[in-house]
Ligand code: SF4
């Protein structure tokens, strides 16, 4: 979501004549768009500002703006602690970006915009064309969260659940496709909680599928309790919706899920997986796990390990629990770090084994790849992704960017698959 936000901030700033530069020492303004989900996010802000300070030691300082969830969660502290920062702007106040810059060009007052005015934000952002021209683009359709998992800062930094209108999203999708986008990932902290005047995520997917040159649709991140029947069904009927679902579970233990306030148990979660598989047997799953959550026993950890094996996720993101300021879990007693580390090691080893076993099954088989870029390493290599987001590299003298081709996977490792194009395999548009 931060990538999408950064692009939109740039779309706004262009209107007052700011342009992107790769040359840091030339910048008149330096924007640090932060993510509070990452560990040590605040330290990273101070560290990055240290770099800028060094660069501008003997020069007029640039305007420094910190945006994103760290700005929202710790804005006052940042302004007090680091005098070099001129403004903090929370994720729901990006529409105030240009007025902030124009003000700071004239005077050097400190500015803190961290209100939750999400309606005004999107009303204002809609005035600016989305200029992203990537083959694969993000589109925020929903923000915020009402779930309050005990470990998570999102409800405090992004506010309550809010959905954008189908009409404005359709327009933005069209703009992206006209710019050259073939694949759109619909984003939301709780993307499947999307609800605009009764229109749900499945309705939105159905609508945007009508855009002729839009070839692939994805969505992330979904919450298990928001999987309505219509969303399960559209995985059977839509040819453009990709068959990979990121379905965070966080733990395989009902005790821990209760302590996390996740609002579902494992029985429910596994039933949902089987419903989705019934709807479309080609669906695969990825997930997030927190290892070593406060109170996690050996038995709880074993339950996570068993779930990993049972579902056979093709990708997992697992981290040791780390407390976030202001969340209930930050007040809980942490488990021994050595034990948590050991468990993570065991978990990740198994996750990697499962992933590699799955990837080996792809060797010598046909995959359909949407090519995104020429490889930065070699001119005759192109990078793309299959329907399950696996990265694939092929050699080609033809410019493949934006094309969909059938490829035979010949080889691969944990991160990348390699393949050969099956000749004359360019795909025509899918039916909606
Ligand atoms: S549902 Fe997701 S975004 Fe909401 S509180 Fe839980 S982890 Fe955070």
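Would you check if residue 229 is modelled with pLDDT under 95 and exposed (fewer than 15 other Cβ atoms within 10 Å of the Cβ)?
no
Checked against the criterion of being out of contact with any helix residue (DSSP H, G or I) (no Cβ under 6 Å at 6 or more places or on another chain), in contact (Cβ under 8 Å) with a residue 60 or more places away in the chain and outside any loop (DSSP other than H, G, I, E, B), the candidates 186, 102 yield just one match: 102.
Of all residues in region 228-271, count the ones that are in a helix (DSSP H, G or I) and either more than 16 Å from the ligand (Cβ to nearest atom) or closer than 24 Å to residue 389 by Cα (or both).
We begin by selecting, within region 228-271, every residue in a helix (DSSP H, G or I); these are 229-237, 254-260, 266-271.
Still in the running and either more than 16 Å from the ligand (Cβ to nearest atom) or closer than 24 Å to residue 389 by Cα (or both): 229-237, 254-255, 266-267, 269-271.
Here the count works out to 16.
Given (1) out of contact with any strand residue (DSSP E or B) (no Cβ under 8 Å at 6 or more places or on another chain); (2) closer than 30 Å to residue 323 by Cβ; (3) buried (at least 19 other Cβ atoms within 10 Å of the Cβ), where does residue 191 come up short, assuming only one miss? Only one criterion in (1) out of contact with any strand residue (DSSP E or B) (no Cβ under 8 Å at 6 or more places or on another chain); (2) closer than 30 Å to residue 323 by Cβ; (3) buried (at least 19 other Cβ atoms within 10 Å of the Cβ) is unmet by residue 191, namely (1).
In this structure, residue 146 qualifies as over 18 Å from the mean Cα position of the chain (by Cα), within 16 Å of the ligand (Cβ to nearest atom), modelled with pLDDT of 90 or more and at negative phi. Being buried (at least 21 other Cβ atoms within 10 Å of the Cβ) and in the same structural domain as residue 256 (by TED's automatic domain parsing): is that true of residue 170 here? The answer is no for residue 170. Scanning region 287-308 for residues that are modelled with pLDDT of 95 or more, within 16 Å of the ligand (Cβ to nearest atom) and at positive phi turns up nothing.
When each of 342, 299, 378 is tested for being assigned by TED's automatic domain parsing to the domain that holds residue 238, over 23 Å from residue 266 (Cα atoms) and out of contact with any helix residue (DSSP H, G or I) (no Cβ under 8 Å at 6 or more places or on another chain), the lone residue that passes is 342. Do we have any residue at all in region 125-143 that's out of contact with any strand residue (DSSP E or B) (no Cβ under 6 Å at 6 or more places or on another chain), part of a helix (DSSP H, G or I) and either more than 16 Å from the ligand (Cβ to nearest atom) or within 30 Å of residue 191 (Cα to Cα) (or both)? Yes: one or more hits.
Name the single residue that is surrounded by the most Cβ atoms within 10 Å (Cβ to Cβ) among those in region 89-111 being more than 22 Å from the chain's Cα centre (by Cα) and within 15 Å of residue 32 (Cβ to Cβ).
Only one residue fits best here, namely 97.
Results for (1) within 15 Å of the ligand (Cβ to nearest atom); (2) part of a strand (DSSP E or B); (3) without any contact (Cβ under 8 Å) to a residue 24 or more places away in the chain, shown as yes or no for each residue.
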{"position": "167", "(1), (2), (3)": "no, no, yes"}
{"position": "181", "(1), (2), (3)": "no, no, no"}
{"position": "206", "(1), (2), (3)": "no, no, no"}
{"position": "217", "(1), (2), (3)": "no, yes, no"}
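Summed over region 374-400, residues that are surrounded by fewer than 16 Cβ atoms within 10 Å (Cβ to Cβ) and in contact (Cβ under 8 Å) with a residue 40 or more places away in the chain total 0.
The values are calculated or read from the model by the stated rules, or taken from the named source; none is laboratory data. Given the structure is predicted, the values throughout are model-derived calculations rather than measurements. Here the Cβ is made from the backbone with ideal geometry for all residues, glycine too, and neighbour counts use every protein chain on show.
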